[in-house]
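Student: Okay, handing you the structure first.
The values are calculated or read from the model by the stated rules, or taken from the named source; none is laboratory data. Keep in mind the model is a prediction, meaning the values are calculated, not measured. Because the Cβ atoms are built from the backbone with ideal geometry, glycine has one as well, and the counts that use them run over all protein chains shown. Side chains are part of the model used for accessible areas, which takes the heavy atoms of the whole protein and leaves out ligands, DNA and RNA. Shrake-Rupley method; radii C 1.70, N 1.55, O 1.52, S 1.80 Å.
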Amino acid sequence: MATDPPFHQAYKSLIEDTSNNIFGKKLVLVEECELPLIDLSRILHNDNVVDESEREECKEEIARASQQWGFFQVTNHGISKDLLEKMREEQVKVFKQPFDKKSKEDKFMNFPAGSYRWGTPTATCLNQLSWSEAFHIPMADISASAAAFTTLSSTLEQFATTVAGLARKLTAILAEKLGRESTFFQENCLPSTCYLRMNRYPPCPVPSAIHGLMPHTDSDFLTILHQDEVGGLQLVKDGKWIAVKPNPEALIVNIGDLFQAWSNDVYKSVEHRVVTNPSTERFSIAYFFCPSYDTVIQNSEPSNYRKFSFREFRLQVQEDVQKYGHKVGLPRFLISH
């Protein structure tokens, strides 16, 4: 039975529309570079081991990368190589299930209905299409995986718990560097409001115009990603796309829209995308550090943004995607000075 989603069938008209292919000229080869690489052993180890100046230097590196890149990589992050490898194994097993089984709404593996997603239902042209499939799982639902997948459930839970601790640590440091109250994240970003997303990007033997994941910014405070050695992640730096060199030992951290607004544009939520590979599948897993929908985003005056709740932000994003085929995001909430 087929395991891949029926992309060719579902998006036949878009793929065969030659006028679409002009977009392919934009996906030229881009320069590969390494993101700022930060060794977290200086802040995660016992207080007696690390010199205070080293700890402070590490915090400065985190804040600087968040300002200048919006992205950075971390090593010695507290998630063992064994756990990352186990996570990859479990992901492969899940995605190799028959498509018909994955796409059924009757709680595949006891994940909530709608957890499995593929393609881009709203796409009206190729540059709005994402050639990927994913399980988008609220943290609260992870432990509810079916008995047949208890290894997946426990691996996901172990991964999520560890990464959540890292997210809290990083956001507290970034808040501290702004002179802001770091308990904000502990109070508003609870396990019940965060989620994991397991991604698979199947080989895409069609025009180079098609993205694995279309260009976007993240709508959360912070995203922590583990990608495999295949690569494909690209981001905008100094007005041009650059490819992120894979480092399976490291985790990738990026700033989301809410943090950019909360920091009054000190930290940058940067546009990024995933490009397709003609012959090799790619796996990644992302943890999204989100607040409750009622959480209000505001910063000290003079602010670049009006006060808004996460619920309001999400609803605006959904409305724009329906209307325009893409997210507008933070510009909607700017105050014109």
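Student: Every residue in region 215-261 that is open to solvent by less than 10 Å² (accessible area, probe 1.4 Å) and among the polar types (S, T, N, Q), please.
Tutor: Residues satisfying the conditions are T223, Q227, N254.
Student: Would you pick out the residues in region 200-216 that are farther than 25 Å from P112 by Cα, part of a loop (DSSP other than H, G, I, E, B) and not hydrophobic (A, V, I, L, M, F, W, C)?
Tutor: P203, P205, P207, S208
Student: Could you please tell me which pairs satisfy a Cβ distance under 7 Å, a separation of 6+ or placement on different chains, a first residue in region 81-108 that is over 30 Å from A250 (Cα atoms) and at pLDDT below 90, and a second residue that is assigned to a helix (DSSP H, G or I) and open to solvent by less than 90 Å² (accessible area, probe 1.4 Å)?
Tutor: K101/F108; F108/K102
Student: Tell me, which residue of region 177-199 that is in a loop (DSSP other than H, G, I, E, B) and touching a helix residue (DSSP H, G or I) at 6+ places or on another chain (Cβ under 6 Å) is most open to solvent (accessible area, probe 1.4 Å)? If you could, list the steps in order and put the result at the bottom.
Tutor: First, pick out the residues of region 177-199 that are in a loop (DSSP other than H, G, I, E, B): 179-182, 189-190, 194.
From the residues that got through so far, the ones that are touching a helix residue (DSSP H, G or I) at 6+ places or on another chain (Cβ under 6 Å) too are 182, 194.
Details: S182: 42, C194: 2 Å².
Among them, the one singled out is S182.
Student: Can you pull out every residue in region 262-281 that is farther than 14 Å from H216 by Cα and open to solvent by less than 10 Å² (accessible area, probe 1.4 Å)?
Tutor: So the first thing to find is which residues in region 262-281 are farther than 14 Å from H216 by Cα, and the list is 262-267, 276-281.
Selection gives W262, S263, Y267.
Student: Is region 243-251 home to any residue that is closer than 28 Å to W118 by Cβ, in a loop (DSSP other than H, G, I, E, B) and more than 18 Å from the chain's Cα centre (by Cα)?
Tutor: Within region 243-251, the first condition is being closer than 28 Å to W118 by Cβ, and the residues that meet it are 243-248, 250-251.
Next, from what is left, pick out any that are in a loop (DSSP other than H, G, I, E, B): 245-248, 250.
Adding the requirement that they be more than 18 Å from the chain's Cα centre (by Cα) leaves none.
No, the conditions are met nowhere in region 243-251.
Student: Looking at the structure I just gave you, is E319 surrounded by fewer than 16 Cβ atoms within 10 Å (Cβ to Cβ) and free of Cβ contacts under 8 Å to residues at least 24 places away in the same chain? I'd like the intermediate steps shown before the answer.
Tutor: Details: surrounded by fewer than 16 Cβ atoms within 10 Å (Cβ to Cβ): yes; free of Cβ contacts under 8 Å to residues at least 24 places away in the same chain: yes.
Considered against the rule, which asks whether it is surrounded by fewer than 16 Cβ atoms within 10 Å (Cβ to Cβ) and free of Cβ contacts under 8 Å to residues at least 24 places away in the same chain, E319 comes out as yes.
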